[in-house]
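Here's the structure, in structure tokens; my notes come after.
The values are calculated or read from the model by the stated rules, or taken from the named source; none is laboratory data. Worth saying up front: this structure is predicted, and the values here are computed from it rather than measured. Note that we place each Cβ from the backbone using ideal geometry, even for glycine, and neighbour counts take in every protein chain shown.
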Amino acid sequence: MESSKLSPEAEHAVYFREFIQQLAQKFEPLQIFSFSQNSYTHHSQGCFNNNQSYFKCNHCLLVVTETATRVDYEMQDFANSYDQHGTITIICHGRQSVMDAVQQNSRFFISVLTYGKQLYSKNGLLNNDPISTFIPTKGAIKAIKHYNHRIPLADGFLMCASKCLEKEQFEICAFMLHQAVEQACICLVRVHIAYRSEFHNLYRLLRLCICFSERPFQLFLSTPEDERLFEIMAKSYAGSRYKDDFTVSRQDAAHLYQRVASFLLLAKAMCNEKIERLAKSASDDAILKNADQVQI
């Protein structure tokens, strides 16, 4: 009897479990949490394509380690080597820094430890430690602070890119656009999930944004031409400074500039929408607390 073939979803589930086992074996973390999983299934059937199915899944993981030694880049490189059914984005922190962040009312870490899915535990037990409830009082205030810091930086880099484009310095223009996108992504992440990212890789930043919205990723990476242009900008971080053979055409620089200008408008709109929701959450929480005090 011919064995039944696994569906793309089931095949990915097997593959992902194997990845988690390999990750745990190689780096020996204390815990691994999933805080985002976005999956896409595409079926195509016709006279000439023989009923093809395509499945892709993007994961975001928090890895908690014993010590404060950061191994983010090593883990991410390891994850990239398994990137066959989608993407796996990893952030890594030592246990003590995670617990300190929870004590300091970190929206990100409290949310992940409370609502995230635990995929691995070194002692084989699920995480049953009580986690403090997030207090939303200052959520909007902190988000506005980060917005007011990062967005002017992004706007400034975009302005510099415009000047470089005007003076036909296309390689430097691409680098300035890289910086603008980096600052905007950092702002998006801080405002939406209250996580302070400390990496510069644009692919990794955009994949982290997927955990709260697909719009930034779709704006930059929806088509093969999008991917080609984005690759130029991503490579400009090192290429414009250290590689003599790195070149950018006038047309590519102009298209990238327009794309990044649109992205900054999107980032501002998304952040303002989130800040409004955070402010409402703080207001609602205050009303509930006042009602409780009146009843007492």
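Checking E182 against (1) charged (D, E, K, R); (2) surrounded by 20 or more Cβ atoms within 10 Å (Cβ to Cβ); (3) more than 12 Å from the chain's Cα centre (by Cα), which single condition isn't satisfied? Evaluating E182 over (1) charged (D, E, K, R); (2) surrounded by 20 or more Cβ atoms within 10 Å (Cβ to Cβ); (3) more than 12 Å from the chain's Cα centre (by Cα) leaves (3) as the failure.
Restricting attention to region 88-108, the residues that are part of a helix (DSSP H, G or I) and in contact (Cβ under 8 Å) with a residue 24 or more places away in the chain total 8.
Annotation note: of S106, S34, S53, S111, the sole residue that is out of contact with any Phe, Trp or Tyr (no Cβ under 9 Å at 6 or more places or on another chain), at pLDDT 95 or above and either crowded, with 20+ Cβ neighbours inside 10 Å or not hydrophobic (A, V, I, L, M, F, W, C) (or both) is S34.
Taken over region 239-266, the residue count meeting the criterion of being surrounded by 13 or more Cβ atoms within 10 Å (Cβ to Cβ) and either closer than 23 Å to R150 by Cβ or hydrophobic (A, V, I, L, M, F, W, C) (or both) is 13.
Go through region 122-150 and give me each residue that's aliphatic (A, V, I, L, M) and either surrounded by fewer than 19 Cβ atoms within 10 Å (Cβ to Cβ) or out of contact with any Cys (no Cβ under 9 Å at 6 or more places or on another chain) (or both).
Result: L125, L126, I131, I135, A140, I141, I144.
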